[in-house]
Amino acid sequence: MTITDIDVCDKIVANFETVIKTPKKNTSSIYYTGVDLGTACIVLAVMDENYQPVAGAYRYADVVRDGMVVDYIGAITIVKELKAELEVKLETELIYAAAAIPPGTDELDSGAIKNVVQGAGFYLTNILDEPTAANQVLQIQNGAVVDIGGGTTGISIIKNGEVVKIGDEATGGTHLTLVTAGAYGISVPEAEKYKRNQKNHAELIAVLKPVVEKIATIISSQIEGYAIDGLYLVGGTACLTGIESIIEEKTKIVTYKPFNPMFVTPLGIALSCTDKIL
Ligand code: ATP
């Protein structure tokens, strides 16, 4: 992947941010929705018939832990509400959806995610693993997708455009929140809020550097033995300003961070949605 390609990724993410604020209605005869059920956040991304973003919505929620649906009813309720919200904005019914599962999640949980999407009133048309979804947007040929989420960091190695190895290890945003709470003497929910505010990142990054270095060490051990052209950061924790420099410095591998890494996977899921019901 070149800088030009990351530009393509950044453009689609920027378009998505625009349509979250101002949805584009009456532009399509069919709509494709991507449903991303995360540990910290549920995101719905809607594409038109040309696979361009037309609307999106997200909500912070606590219904999934490390890729497992722990609050089934809560997950269905939120997806239903976000779907309804988008249907009002687009003045249409959203019928087709795709979803993703974290790499290595067993069939049982893919069943749970399938049931959540169907329980919210969608026809499920595709279910794929998260790095494959992210790579629909990133279009990496040789490199690693590093998904730094809430509970874990997932490393997926891509060779010739295909995921050839996956790894998922504990250490992610939750650990950064705990360190923030300890360093500032504030509660965990307060620390979570503080950490998400970009205005605090310049100061926070120094406090959080040791944990980010641990994430970098995890990345290095996961990619050992593979020729990696670049690391591509996705996931909510990758939003932390400066995280890419620490990772690049420690791993010694060129590190790309898309504009708003939190939306790469949901957009890739939406790009994988079709009108063929599973
Ligand atoms: P997992 O991959 O562990 O299942 P997930 O898919 O829910 O989790 P994401 O939604 O990608 O994870 O990321 C959630 C994490 O991202 C949380 O720890 C949250 O605090 C962090 N996060 C979200 N926005 C920001 C931000 N602006 N700055 C720093 N961290 C952020």
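The values are calculated or read from the model by the stated rules, or taken from the named source; none is laboratory data. Keep in mind that this is a model prediction, so the values were computed, not measured. Cβ: placed from backbone, ideal geometry, glycine included. Neighbour counts: every protein chain shown. For the accessible areas, the whole protein counts, side chains as well, though only heavy atoms, and no ligand, DNA or RNA atoms are used. Shrake-Rupley method; radii C 1.70, N 1.55, O 1.52, S 1.80 Å.
Brief remarks follow.
- Projected label distance in nm at Ser245 and Glu224, using a 7 Å step from Cα toward the beta-carbon: 2.9 nm
- Along the chain, counting only GluC sites (Glu not before Pro) with a DSSP assignment other than H, G, I, E or B and at most 12 other Cβ atoms inside a 10 Å radius, the longest segment between sites is 94-223.
- Taking amide H as placed 1.01 Å from N in the peptide plane, the amide H of Cys41 sits under 5 Å from that of Ala61, each at least 5 places away or on another chain.
- Percent of alpha-carbon pairs separated by more than 18 Å within region 139-261: 48 percent
- For the pair Ile205 and Asn142 in one chain, pulling the backbone fully straight at 0.36 nm per residue adds 19.8 nm over the alpha carbon distance.
- Taking the C-alpha atoms only, the angle from helix 173-184 to the longest principal axis of the chain is near 50 degrees.
- Note on region 199-278 and region 1-66: Cα centroid distance 18 Å, given to the nearest whole angstrom.
- Count Lys and Arg as plus one, Asp and Glu as minus one, and take only other residues whose Cβ is under 13 Å from that of Ile215; the net charge is then -4.
- The figure for His201 is an accessible area of roughly 10 square angstrom, using a 1.4 Å probe on the protein chains alone.
- Size descriptor, Kirkwood hydrodynamic radius, that averages inverse alpha-carbon separations across region 4-121, Å: 14.7 Å
- Angle of helix 107-119 to the longest C-alpha principal axis of the chain, folded into 0 to 90 degrees and rounded to 10: 50°.
- Here the simple spin-label model places points 7 Å from the Cα toward Cβ, and for Glu91 and Lys214 these points are separated by 5.3 nm.
- Accessible area per residue, Å², region 28-116 with all protein chains present, probe 1.4 Å: 41 Å²
- Residues Asp48, Asp71 ordered from highest to lowest accessible area at a 1.4 Å probe: Asp71, Asp48.
- For the chain, the longest principal axis of the Cα atoms and the long axis of helix 201-223 meet at an angle of about 90 degrees.
- The Cα center of region 72-130 and the Cα center of region 156-194 differ in position by 24 Å.
- Ile158 long-range amide H proximity, modeled H, under 5 Å: Gly143, Ala144, Val145, Val164
- In Å, descending, principal axis extents of the Cα set of the chain: 48, 44, 36
- Averaging the sequence gap over all C-alpha pairs within less than 8 Å and six or more residues apart, then dividing by the number of residues, gives the chain a relative contact order of 22 percent.
- Between Gln198 and Thr274, the contour length at 0.36 nm per residue exceeds the alpha carbon distance by 23.8 nm.
- Val8/Tyr184 FRET efficiency (R0 45 Å; Cβ-Cβ; nearest 0.05): 0.70
- Calculated FRET efficiency, Lys80 to Lys21, Cβ-Cβ distance, R0 = 25 Å: about 0.65 to the nearest 0.05.
- Computed lengthening from Glu49 to Ile73, 0.36 nm per intervening residue step minus Cα-Cα distance: 5.5 nm
- Among the listed pairs Lys80/Lys199; Lys25/Lys276; Lys80/Lys276, those beyond 30 Å (Cα-Cα): Lys80/Lys199
- The chain - percent of accessible surface contributed by carbon and sulfur, probe 1.4 Å: 53 percent
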